[in-house]
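Some notes on the structure that comes next.
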């Protein structure tokens, strides 16, 4: 049996993150020292695609752990409407695997012009983005050949966590990061949780999570589109119950992403309601491992990436080169 590039790269994630955390410790300390001196009152996130979805995770992370408001950039404000925002006393965190998308570069340039201290989370340290910003936090994911990002996305989340933990002096989160690679390796050995049989005829699906579960749900929905050609949309379970829940009457396929944190009781109650309405449910539940709760969504994604790759192969699809997609998408 031939192993796909996507599967190989996804399984590299624990080692990638272990090496990243060690190499980036002094980098995070230097950036955190600068941020403590600046004392920003806003975090401004810039990204597209999977990088933008990592920004949703970052929003919850920085708002919950640091109490700082976080805003997501609309790159078209600079790229299309030619506006520069006033971003004095803010930090702009730019997330990009390649560091080469023209609209991300322009948005970063305008963020600097607006007064923001700019930080790039980027995999290519020789990229134009890396040369443009005030500080670089390398992803260190290595070459990623599969179009569907896996290890670079997980490395982005771990880098965000390390930066947040160092900046906020959160020792419990730092200790959790030390344990993260082994926890990810353990999840790789777990049995699959998604079924090809249930997804083979699916054309539309909804991904439900709450808080950090919703944040990674955005990435899950994107990969369902990219890898399995399933139209999927992610909702916060709290938002889903406010109207879209009526879709359940059409025998909707739902991917459930519970996270064992403060949100779980609220999320579980809504999932019970959705089940009572007749939805077909598949759940990715990694349980309650002894790991910091902010890191649990990374385990969910680690399992999901391997499940969806295996389903693609079983259904005769090539997860490495989804039709119509390129590794670097250039938008202006």
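List of remarks:
- Once the Cβ-Cβ distance of residue 239 and residue 3 is raised to the sixth power relative to R0 = 35 Å, the FRET efficiency obtained is 0.40.
- Helix 264-276 and the long axis of the chain differ in direction by around 30°, with both axes built from C-alpha atoms.
- Here the extension length gained between residue 76 and residue 264 equals 64.1 nm, from 0.36 nm per residue of separation less the Cα-Cα distance.
- Computed over the chain, relative contact order equals 21 percent, with contacts defined as Cα pairs under 8 Å that lie 6+ residues apart.
- Across region 277-298, the residues whose backbone nitrogen lies under 11 Å from the label position 7 Å along the beta-carbon direction of residue 186 are 287-292.
- Point-to-point label distance, residue 19-residue 178, nm (Cα→Cβ direction, 7 Å offset): 2.2
- Sites residue 315 and residue 63 - FRET efficiency at Förster radius 35 Å, r taken between beta-carbons, to 0.05: 0.35
- Residue 83-residue 131 FRET efficiency (beta carbon distance; Förster radius 22 Å; 0.05 resolution): 0.40
- Candidate values (i) 19.0, 60; (ii) 22.0, 86; (iii) 19.2, 55 were compared with Rg and Dmax of the Cα atoms in Å computed on the shown model; the agreeing label is (iii).
- With 0.36 nm allotted per residue and the present C-alpha distance subtracted, the residue 229-residue 281 stretch has 16.8 nm of extension available.
- With respect to the chain, whose longest principal axis is taken over its alpha-carbon atoms, helix 151-168 is tilted by about 50°.
- Label-point separation in nm, residue 169 to residue 196, each point 7 Å along Cα→Cβ: 5.3
- Helix axis angle, 50-66 relative to the chain longest principal axis, alpha carbon, degrees: 70
- Highest average packing first - 74-83, 220-229, 165-174, 45-54, Cβ atoms within 10 Å: 45-54, 220-229, 165-174, 74-83
Coordinate-derived values only; no laboratory data. Just so it is clear, the model here is predicted, and its values are computed rather than measured. Glycine gets a Cβ as well: all are built from the backbone with ideal geometry, and neighbour counts include every protein chain shown.
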